[in-house]
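Written below as structure tokens is the structure these notes are about.
The values are calculated or read from the model by the stated rules, or taken from the named source; none is laboratory data. What you see is a predicted model; the values in this text were computed from it and never measured. Neighbour counts run over all protein chains shown; Cβ positions are idealised from the backbone, glycine included. Quick note on the areas: whole protein, heavy atoms, side chains included, nothing else; ligands and nucleic acids left out. Shrake-Rupley method; radii C 1.70, N 1.55, O 1.52, S 1.80 Å.
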Amino acid sequence: MDSIEADAAVLKRRWLERRTSFSSRDRSGVWRFRELLPDTYSASGVVTLAEGNTPVVAGRKTAEWAGVKHLWFKHLGWNPTGSFKDLGMTVGMTEAKFSGAKAVACASTGNTAASLAAYAARAGVTGRVYLPAGQASNNKLAQALDFGAEIVQIEGSFDDALNRLLESDDPDLYFLNSINPFRVEGQKTAMFELLEQFNWQPPDYLVVPGGNLGNSSAFGKAFAELCRFGFIDRVPRMIIVQAEGANPLARMWNAHEAELTPLAHPETVATAIRIGNPRSWKKALRGVEATGGAVMDVTDEEIGEAKTLIGHDGIGCEPASATTLAGIRKLTSEGKLDRDASIVAILTGHVLKDTDYIIKAQEKRQARKDAAAGSKWEGTLAPQA
Ligand code: F0G
């Protein structure tokens, strides 16, 4: 890879030029970075749905609310299946197909399931998803069904579902969880693209939601590679934000412990990150430490307020993504973040990923308003059966 170092300037130009190509591999916001990806595949072997190439959107009301001057959102929810998972899935599924897999599987809180289902359908292989019964949002479940995946509902949490999958001894099943190294490779391109959008001048902070911690691990790897190969000479501080009820890494960080203690019963309204035993915590922590970042948590209430602001800024996201803005506001209010700093928050899921949450939140708001006004509101915004 020595030649890559000398070629950083050439690659920066080539990666951008590929956006104007008509080849599906060049047009993919993952595969256009293929010099830094496993790339033993022919152009026709690549399983792509034109993922990536997502915009950076400036925060307005959100920036004001969080008390910062320079805030941007990189919206990875504007991917083909509505979440960041598509970036890793295109590489994972391409490798699965290349290695002759007939069936692929993952455990999921919903988004990986939707993504795996779509890419498996494109690859022409069977997709099987293990979900914690009754916990994934209906929208995500509907996507997995629509793309024709087999659904296995497991009593218990995401962690139980993942354990069940890992115990499976079906030799014909190719595992596509976020610990799959090919998924990590695809996921890291989000940072190549982000830095390209900033003309290779890193922002001061990158704020990322934390669940199973695959995403933050991939971002840490991306920064290490970009520095090593001469694309950038400094990195953003990476802040991971967890939900308070599903915060094993934040607890470990605050207590200065050396090992993570899993939570047996994670609980948060942000169902995407209701995870008590994140598998990639060591790699994620390495990324935080290497960039001079931090780990923190926010309450469900703070997530709800931040999500409302992101919606009112015309952007929208699912609850787990709103941990980022909630985290930024918390840091500024505690005086821990310079208001002049440049900050990028990663939005991981589309606003339509959890519509029940939005309707229920509105019903609660309305009920509170009516209670304050002395009248009792008995209506509902949810569709009637
Ligand atoms: N945001 C959303 C919308 C997610 O779906 C997830 C994870 C995360 C954040 C956290 O990312 O796990 O890499 O730290 N969703 C997984 C799933 C677990 O199964 O869809 P992470």
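Ordering 79-87, 171-179, 203-211, 122-130 by mean Cβ neighbour count within 10 Å, with the highest value first, yields 79-87, 203-211, 122-130, 171-179. Of the residues Gly59, Gly77, Ala136, the one whose Cα sits farthest towards the positive end of the charge dipole of region 55-155 is Gly59 (charges of +1 on Lys and Arg Cβ, -1 on Asp and Glu Cβ, taken about the Cα centre).
Sequence-ordered 3J(HN,Hα) estimates for region 73-83 from the Karplus curve with 6.51, -1.76 and 1.60 and θ = phi - 60° stand at 10, 9, 8, 7, x, 8, 9, x, 9, x, 8 Hz, glycine and proline given as x. By the combined test of axial Cα extent (at least 20 Å) and Kyte-Doolittle hydropathy (mean at least -1.0), the qualifying DSSP H helices of the chain come to 181-197, 214-228.
In the chain, once you exclude exposed GluC sites (Glu not before Pro) (DSSP loop, at most 11 other Cβ within 10 angstrom), what's the longest stretch remaining? Here the longest segment lacking exposed loop sites spans 1-154. The string of couplings for region 20-31 from the Karplus curve (6.51, -1.76, 1.60, θ = phi - 60°) is 9, 6, 9, 7, 5, 5, 5, 6, 5, x, 9, 6 Hz, one whole number per residue in order, with x for Gly and Pro. Expressed as a whole percent, the accessible surface of region 127-171 that belongs to carbon and sulfur atoms is 45, based on a 1.4 Å probe.
The trypsin sites (Lys or Arg not before Pro) of region 152-235 meeting both criteria, a DSSP state outside H, G, I, E and B (loop) and at most 12 other C-beta atoms within 10 angstrom of the site's C-beta, are Arg234.
Annotation: aspartates and glutamates with alpha-carbon distance below 12 angstrom to Lys69 (same-chain offsets under eight excluded): Asp338, Asp340.
For region 289-328, with all protein chains present and a 1.4 Å probe, just round the carbon and sulfur fraction of the accessible area to a whole percent. C and S fraction of accessible area: 48 percent.
Explain nothing, just the number: relative contact order of region 144-220, from Cα pairs under 8 Å at least 6 residues apart, as a whole percent.
Once normalised by length, the contact order is 27 percent.
Just list whichever of Lys188/Lys330; Lys188/Lys364; Lys221/Lys336 have alpha carbons separated by over 30 Å in the model shown. Exceeds cut-off: Lys188/Lys364.
Rolling a 1.4 angstrom probe over the protein heavy atoms with all chains in place gives the chain an accessible area of 43 Å² per residue.
Would you list, by chain and number, the lysines whose Cα falls below 18 Å from the Cα of Lys360, excluding same-chain residues fewer than 8 positions away? By straight Cα distance, Lys360 reaches Lys140, Lys307, Lys369, Lys376.
Using only side-chain charges placed at the Cβ, +1 for Lys and Arg and -1 for Asp and Glu, the dipole size of region 179-297 relative to its Cα centre rounds to 280 debye. Aspartates and glutamates within cross-link reach of Lys282: Cα-Cα under 14 Å, excluding same-chain residues under 8 positions apart? Cross-link targets: Glu257, Glu259.
Ligands, DNA and RNA left out, the 1.4 Å accessible surface of region 196-241 is 42% carbon and sulfur atoms.
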